[in-house]
1. Between copies, how close do the A:Glu247 label points come, placed 7 Å along Cα→Cβ, listed in nm from shortest?
2. For B:Asp146 and B:His270, what is the calculated FRET efficiency with R₀ set at 25 Å and r taken between the beta-carbons, to the nearest 0.05?
3. Where the eigenvalues come from the Cα gyration tensor of region A:242-447, what are the semi-axes √(5λ) of the equivalent ellipsoid, largest first, in whole Å?
4. With the label 7 angstrom out along Cα to Cβ, how close does A:Pro66 come to the same site in each of the other copies, in nm, nearest first?
5. Calculate how steeply helix B:37-47 sits against the longest principal axis of the alpha-carbon atoms of chain B, using the helix alpha-carbon long axis, and give the answer as 0 to 90 degrees to the nearest 10.
6. Taking the Cα centre of region A:1-132 as origin and charging only Cβ (+1 Lys, Arg; -1 Asp, Glu), how large is the dipole, in debye to the nearest 20?
7. How large is the charge dipole for chain A, taken about the Cα centre, if only the Cβ atoms of Lys, Arg (+1) and Asp, Glu (-1) carry charge, to the nearest 20 debye?
8. Please figure out what share of the DSSP beta bridges in region B:7-233 is antiparallel and state it in percent, rounded to the nearest 5.
There are 2 protein chains.
Amino acid sequence: MYARPPVVILAAGRGERLCEDEKKPPKPLISVLGLTLLERVILSCKGAGIEEFFIVLGYREAEIEPRFPEWRKKYKVSITTVKNQDWRNGNGTSALACSPFLSSAFLLVMCDHLFDPQVIARLIAGGNDGEACYLLVDRRTEQVFDIEDATRVQVQDGRISAIGKGLEAYNAVDTGIFLCWPFLFDALRQAQLEGDGTLSGGIRGLAKQKRMKAVDLGEHFWLDVDTPKALKHARKLLMKRLVKTDEDGFISQWFNRPLSVRFSAQLITHCPSEQVTPNMISLASFFLILLGAFLFGFGGYAVSLAAGILCQIGSIMDGCDGEVARLTFRTSRFGAWMDTLFDRYGDAVIVTGVSYGFWRFHPTPWVWLGGIFALTGFLLASYTKKEYAIRYGGGFPNKGVWAKLIKRDLRIFMVLLGAILGYPYFFLLAIGAVSHLGIGRLFWQVYKGRQTVTR
Amino acid sequence: MYARPPVVILAAGRGERLCEDEKKPPKPLISVLGLTLLERVILSCKGAGIEEFFIVLGYREAEIEPRFPEWRKKYKVSITTVKNQDWRNGNGTSALACSPFLSSAFLLVMCDHLFDPQVIARLIAGGNDGEACYLLVDRRTEQVFDIEDATRVQVQDGRISAIGKGLEAYNAVDTGIFLCWPFLFDALRQAQLEGDGTLSGGIRGLAKQKRMKAVDLGEHFWLDVDTPKALKHARKLLMKRLVKTDEDGFISQWFNRPLSVRFSAQLITHCPSEQVTPNMISLASFFLILLGAFLFGFGGYAVSLAAGILCQIGSIMDGCDGEVARLTFRTSRFGAWMDTLFDRYGDAVIVTGVSYGFWRFHPTPWVWLGGIFALTGFLLASYTKKEYAIRYGGGFPNKGVWAKLIKRDLRIFMVLLGAILGYPYFFLLAIGAVSHLGIGRLFWQVYKGRQTVTR
């Protein structure tokens, strides 16, 4: 019925703590990692499948509205500007300004509250009766950033019994993400008559009528970006969330990822997003690997060292495509598919280059047999996992030491290490052998039905 | 509620048209491709998740019952023997003999009706109200084998209005597969009182009460094995169903599959199933490939030709594991996974062997670079498809000329063809190039979003 309700975004307020300075952009246009706060809110909703937006503007609206045509086109969403002359009288007046447009369920969010797309589905699933308005609340009150400033909520039996900034007794925090029905507007009008122009005033009215319920956010991410400190925290959090502690291999976790995350952050902060797409980063990483493999073909210590470093940089950059995609809401199935395909071709050229470089000085067919041995291990370690995922309807165990031993980050790092020590070919053979052992071990595990490694 | 009801199998009758001869086994124990008719019925039900069986015996029961302990253990099912002294008076008496055991929904099938496991789920899904008994009927009356002898059914608005062998007006055929409730027994008793001891008599009684409905079989497989001619037909049909017209590559479809199906049929007819498991066939096929690849390493025309033939035999046998598994209800995820893994390792050793054999007479590194080129193409052609299936939540287009050009059957056949013509290495390179082209084409297709190739 309302799986994809329209979204009202309140962006009319002054947000003075973040924008003391009139020379700086107004709050909705403040950038975090390449996207303005308002864009991040729009794209989070878009990620949940929503395409219809009503954005309420007030303070410095003339600077904000001109951005909408570009966003409509770029993000393929419908944006209706709702102007609220009355914005100084509280954010309740801004919500109320949308009442002519809405006759059914709608979402209500703040322009300065960042969140995961998944929370929208959670809110809609949790609040599906149409008898009450629903507020997404965070039960992790001890972990909330800047709890002093947060809007506190008391939840009893799923119903909101009290809400307010100063609340002494509270067991949850207001995330600023609502699922509402038009009867909210009646409550807002009533609160206004009583002299309270805030959204919280209207919510309190609904709470008194027992028509205000709470949906638990669970473990999802949200953040209220209210102060310069919160802005810094947002940037840090968004970057931190790129590290896949479970999936990343040893080298990736401790070496590649910390570097690639910083590089990605710099990239999207300083380069226009049209110029640096995730797929272009994948390509660039692949070309670095190609160049490194080519250099390996010459053999010799210095050239091999340079080759190893190039490949390692390629390996680090290989993380950036996904990071940039996730930070700018541009993940795509094609991108993920292309990335893995390039990774495998990259593995093949590295093996070829290293083998050729070694063969130049040791011209025996055993060099090539070893190269084929390593290459088969590299490609089939990945293949085995994918094939397992298809046959068993789920991913292969991705945690555990052995799973991490057959990952690409380690392969390339071993080749660099070998180049540093003067034996890239032998390190290639060694990690190739580890790959075959890893396949054998997984095979044995599946054969025995003892899939003790957790996924 | 009754997703996995118990099954009553009627195996008490004489089946004289199939067993004129007392020296031959009784009808339920007649073998088709390594399994008795009764085992096939049990395993088809087991394939639908059912584990509780009541088997009604009468004629020559002393020969049939001794097999049950073995089947209970081997197939992990519960089998209760129900003896019907009265079997000569019609198969209705056999069904009635089960009435003490059944107080809820149950399936009723004949020991000589073969069918796909999927039809059970279809029948249960179609007949879930408990108000009527349900008969699975085949609407494809023109296609039914031996329509003269079939039990004909007239279906009106989902209800069975008439049933019988001689019926002139009919629009469906009785498959002998029923979903029943205990009120069937009342109808059988009533028919018996009226002098009709057949199951059809009871069904006619239910039809009169408007408590007999029909579920359409759809396009699924079933066959009534009543005569020696039908037995031959059953064997033929079961074998024919092994050919995967859509998925099989060119060589597989026209050369490998016709041979492997015959070989599989011989194997399971003449070898005890414990001695020839599908996984052992996979292993045997892999060892043939290993041996072929080893021989290729020597180079020279005669040895290469022998090697090519060995690899081709391995490729043909590679079809047998799946065929034997499907014919004897022994398909497994592990088996399928292992088979593909061995296939890829097999590809790797063939490339190694052919390259080494050519290098012995043409010692230049280009031989090895070409080998790595071909190997990468072979492995990544499979990898690309699997990765696509994971990312896009479905299989890669498996039909169409290009999809068939990057399949294993063709690779190995090309190497044999090369060996016959004296150039296995160059044929390897050529089919390697085709594999890379195939990957490139699929990549381009996915990139353009033009997935015109149907799955």
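The values are calculated or read from the model by the stated rules, or taken from the named source; none is laboratory data. Owing to the predicted nature of the structure, the values given are computational and were not obtained by experimental measurement. FYI the Cβ positions are ideal-geometry reconstructions off the backbone, even for glycines, and counts take in every protein chain you see. Calculation scope for accessible area: heavy atoms of the full protein, side chains included, ligands and nucleic acids excluded. Shrake-Rupley method; radii C 1.70, N 1.55, O 1.52, S 1.80 Å.
1. Spacings between copies for this position, smallest first, are 2.7 nm.
2. Working: r = 28 Å, r/R0 = 1.13.
After rounding, the FRET efficiency stands at 0.30.
3. Values: eigenvalues 147, 105, 37 Å².
In descending order the semi-axes read 27, 23, 14 Å.
4. In nanometres, ordered from closest: 9.8.
5. The helix B:37-47 is inclined about 70 degrees to chain B.
6. Details: 17 positive and 16 negative charges, 70 e Å.
Taking the Cα centre of region A:1-132 as origin, the dipole is about 340 debye.
7. Working: 54 positive and 43 negative charges, 242 e Å.
Once rounded to the nearest 20, the dipole reads 1160 debye.
8. Numbers: 21 of 41 bridges.
Rounded to the nearest five, the antiparallel share is 50 percent.
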